[in-house]
1. Looking at the range 202-233 only, could you name the residues that are open to solvent by 30 Å² or more (accessible area, probe 1.4 Å), polar (S, T, N, Q) and not in a helix (DSSP H, G or I)?
2. If a residue has to be of a type outside the set (Val, Ile, Thr) and surrounded by 24 or more Cβ atoms within 10 Å (Cβ to Cβ) to count, how many in the range 114-146 make the cut?
3. Here are the criteria: (1) of a type outside the set (A, V, I, L, M, F, W, C); (2) out of contact with any helix residue (DSSP H, G or I) (no Cβ under 8 Å at 6 or more places or on another chain); (3) in a loop (DSSP other than H, G, I, E, B). Tell me which single one residue 95 does not satisfy.
4. Return yes or no: is residue 276 more than 20 Å from residue 131 (Cα to Cα), over 16 Å from the mean Cα position of the chain (by Cα) and either open to solvent by less than 40 Å² (accessible area, probe 1.4 Å) or in contact (Cβ under 8 Å) with a residue 24 or more places away in the chain (or both)?
5. Listed residues 71, 58, 133; which is touching a residue at least 40 places away in the same chain (Cβ under 8 Å) and farther than 29 Å from residue 181 by Cα?
Amino acid sequence: MFDTKIYEHWLCCIPGVGNRSISRLLALCGSAREIYEAPEEALRQVLSADKLTELVDLRRRWDLQAEYDKLKEQGIGFLTIEDNDYPKRLRQIPDAPYGIFYKGILPEDDKLSVAVIGARDCSEYGKYVAEELGRYLGQNDVQVISGMARGIDGISQQAAFWAGGSTTAVLGCGVDICYPAQNKGLYQAIPERGCILSSYPPGTQPRPQNFPPRNRIVSGLADVVVVIEARNKSGTLITVDMALEQGKEVYVVPGRITDRLSDGCNRLLKQGAAVLTSPADFLDEARGLWLEQWGILSRKHIGEDDAAKEMEEDTVKEAVKDAAETGTTKAGTAEAAVISVETCNTTVPATLQPLYRLLDLTPKPVEKMLEELSGSLHGDWTVSRVTAGLMRLCMLGVAVQASPGHFSRKLP
């Protein structure tokens, strides 16, 4: 694995050889190491003369081991799309970057991620909305994704971070370069509980041509994209186009028709984009979209609690019937199935164990669980924290949402 990494790192550092060229080389040769060892005649089938010259030159002067060690010395991580830790959302987009460089903690696959984008030269109104939305998302454990650019991007990320949340900044340069310089404080702080990420190797300067490809990663890492102020024909709208191609939902903050900073936003609304009217309403809708996207909502809206309960009881009865006929269940035996419901689950984080223990096979409302948790010795619980915790349990496969606001344990 380590030997493989040093060749993959070399492949991602060849000047002028981008994602599409890498894909063609891999299709031709099979692996980064085989590309490194391939004769020029073979590589000429997919590379132009200039790109082939760059590859051969870097192969001649590149110290594979030493260059890879430099990454570790700088605290920079490196992953390719073939690695298990590569972000799941990013893996699913068209033209996903073959390799990514990062500092800090990668965005979690099982948490809601929202991209907040907008104008660099934003108005006071745009600044206010970006701060309020970023703060609210950070307080509610939502990962904020953006480009750390001047204006809306950096403002929303800073608000989310200082509210205690996590944020990922996708750069159009190497992760070892702070751009723009005015966001140096944020750049230095983010790796504590967030991520600085780029598809460009360390040392790459922030050139204009780097940013449109960067934008597809911003939207690719998000479940939902929010636009706060955008002029017509702006870079923000390029990100929106990429988000729509990736199948992402786009929300827009409406603006005055006389304000040129709102021209792009109002045009998107006219074309059918969703409207963001308040952070709270938006978050409720975004969480619903996220759950549907990742297959967490295992049943459609049932309407009556009794119907939900009846469905759950039928499921339990079916499992018991199968156990009686075969002597086994999915967990191994009928006895094992009972034990798995009664005891803690080792896959559940310690912070969620108190919430997990409240669940049983009968759907229970969030309000009831909050009432049972109040006054406990397990920390301060709020509706938002309970809801977020239940979503995490669903993502871990140990709980299900039987109907809106009602959750139960998932059968083994």
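The values are calculated or read from the model by the stated rules, or taken from the named source; none is laboratory data. Keep in mind the model is a prediction, meaning the values are calculated, not measured. Here Cβ is always computed from backbone atoms with ideal geometry, including for glycine, and neighbour counts include all displayed protein chains. The accessibility values were calculated without ligands, DNA or RNA, using every heavy atom of the protein model including side chains. Shrake-Rupley method; radii C 1.70, N 1.55, O 1.52, S 1.80 Å.
1. 205, 232
2. Of the range 114-146, the ones of a type outside the set (Val, Ile, Thr) are 115, 118-128, 130-141, 143, 146.
Of the ones still in play, those that are also surrounded by 24 or more Cβ atoms within 10 Å (Cβ to Cβ) are 115, 118-119, 126, 130, 133-134, 137, 146.
Residues meeting the conditions: 9.
3. The failed condition is (2).
4. Values: more than 20 Å from residue 131 (Cα to Cα): no; over 16 Å from the mean Cα position of the chain (by Cα): yes; either open to solvent by less than 40 Å² (accessible area, probe 1.4 Å) or in contact (Cβ under 8 Å) with a residue 24 or more places away in the chain (or both): yes.
So residue 276 fails the test.
5. Working: 71 fails: farther than 29 Å from residue 181 by Cα; 133 fails: farther than 29 Å from residue 181 by Cα.
Going through 71, 58, 133 in turn, the sole match is 58.
Each row is one residue, and each column tells you yes or no for (1) farther than 24 Å from residue 251 by Cα; (2) within 19 Å of the chain's Cα centre (by Cα).
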position: 159; (1), (2): no, yes
position: 164; (1), (2): no, yes
position: 168; (1), (2): no, yes
position: 173; (1), (2): yes, no
position: 192; (1), (2): yes, yes
position: 217; (1), (2): no, yes
